[in-house]
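Visitor: What follows is a structure written as structure tokens; I'll ask about it next.
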Amino acid sequence: MRTPSVYVAEELMPFLRAKIAERLYREGMKQSQIAEYLGITQAMVSKYLSGRYKVPPEDVVQRLEDIANEVSKFILFGGRREDAVLLVARRLFELFQSGFLCRFYAEYAGVGEDSCRSLFSVTQGRREILEVLNMALSELIKNERFPELIPEVRSNFAYSLPSPRSIEDVAAIPGRITAVKGKAFALPPEFGASEFIARILLRLAGIRPEVRSVLNIRYGRDIESALTEAGFKIGKVKTGGLSEEEAVRAIADVFRQDAYDAVVDVGGLGVEPLVYIFGETPFDVVEKLKRLVGSL
């Protein structure tokens, strides 16, 4: 039986691994390092570098080249191996979700294309949430000043469905957003990827249902001054010493008093101070981040 996983393993991964290996080798990475990162033998890396691998159809080649470029850059800037694996898996899943790979898989497996599409389909509402958050995330990580705002606990960026009922109704960044060599990196958003920040939006849904997106950044005197200069309406809490559930309530319940652009958590013993920037959409949040950066 030729399942999608067999199709990926036999038809896509040899070419994709080869293209990643070629890029890493051109940048000076040793074959042994490439082998360790890709989870294959050094002999297999040598085989790929010599051009001995299966080439998919031309349309598929272009998409895999794009993935190889993205993953190679992620690796070269110090991204973790497990995160690179997730990035590849997510990108391939997106190609199935969009229906692009279903045409090629159907031909390979001798099944109907509709069967593939139904297997990977998501509801339109969820797809739109992921698309919007992903576009806003791309804009965010392009900002050259953003990496210096990422806290020690790293940043997350979330967007909920209207009237969310569980953390599975909130999309966020798996593994959070991290800074490597002065550049921001993030995996594609997924539903259920961040429990804490999702629970903040879940509680907010019963207080300010229009507020459906949030991003956390570091806090400091420079940030506090910039928030004021940028004209942010700011709430303030202290979650040091609180349980996680109490911290969620403290941050969200500030909005019972008024609508805020940001909530400052001054932290406390064992709790890093953070700023939570809120908006109706991820694009609102990114625009507020740009205003803040402009005031730094």
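Computed from the coordinates by the stated procedures, all read-outs in this text should not be read as laboratory data. Only a predicted model underlies this, so the values are computations on that prediction, with no experimental measurement involved. Here the Cβ positions follow ideal geometry from the backbone for every residue, glycine too, while neighbour counts run over all protein chains shown.
Visitor: Enter the angle in degrees (range 0 to 90, nearest 10) between the Cα long axis of helix 58-76 and the first principal axis of the Cα atoms of the chain, meaning the one along which they spread out most.
Guide: Long axis of 58-76 versus the principal axis of the chain: about 50 degrees.
Visitor: Cα convex hull of segment 248-296: mean projected area in nm², to one decimal?
Guide: If you wrap the Cα atoms of segment 248-296 in a convex hull and average its projections, you get 4.2 nm².
Visitor: By counting other Cβ atoms within 10 Å of each Cβ, how are Val293, Val263 ranked from fewest to most?
Guide: Starting with the residue having the fewest Cβ neighbours, the order is Val293, Val263.
Visitor: Report, to the nearest 10°, how far helix 81-97 tilts away from the longest principal axis of the Cα atoms in the chain, using its own Cα long axis and a range of 0 to 90°.
Guide: It is inclined by approximately 80 degrees.
Visitor: Angle, helix 100-109 long axis vs. longest principal axis of the chain, Cα atoms, 0 to 90°, nearest 10?
Guide: 40
Visitor: Over the Cα atoms of segment 124-295, compute the convex hull volume and normalise it per residue, giving Å³.
Guide: 100
Visitor: Which pairs in the list Lys73/Lys288; Lys19/Lys290; Lys47/Lys142; Lys236/Lys290 are over 30 Å apart, alpha-carbon to alpha-carbon?
Guide: Violating the 30 Å limit, Cα to Cα: Lys19/Lys290; Lys47/Lys142.
Visitor: Please arrange Val248, Val214, Val71 by counting, for each residue, the other beta carbons lying within 10 Å of its beta carbon, fewest first.
Guide: Least crowded to most crowded, the residues run Val248, Val71, Val214.
Visitor: A further question on this structure: For segment 63-86 and segment 148-167, write down the distance between their C-alpha centroids in whole Å.
Guide: First find each Cα centre; the distance between them is then 23 Å.
Visitor: Add -39500 (n - 2.57) for each DSSP H run of 4 or more in the chain, then divide by its residues: what number comes out at 222 nm, to the nearest 500 deg cm²/dmol?
Guide: -15500 deg cm²/dmol
Visitor: Next up: Which of these, Ile150, Ile167, Ile40, has the largest mean-square fluctuation under a Gaussian network model of the chain (Cα springs below 10 Å)?
Guide: Ile40
Visitor: Moving on to the next point. Rg and Dmax in Å for segment 4-120, alpha carbons only: what are they?
Guide: Values for segment 4-120 (Cα only, Rg and Dmax): 14.5, 44 Å.
Visitor: Fewest Cβ neighbours within 10 Å first, please rank Asp59, Asp261 accordingly.
Guide: Listing Asp59, Asp261 from fewest to most nearby Cβ atoms yields Asp59, Asp261.
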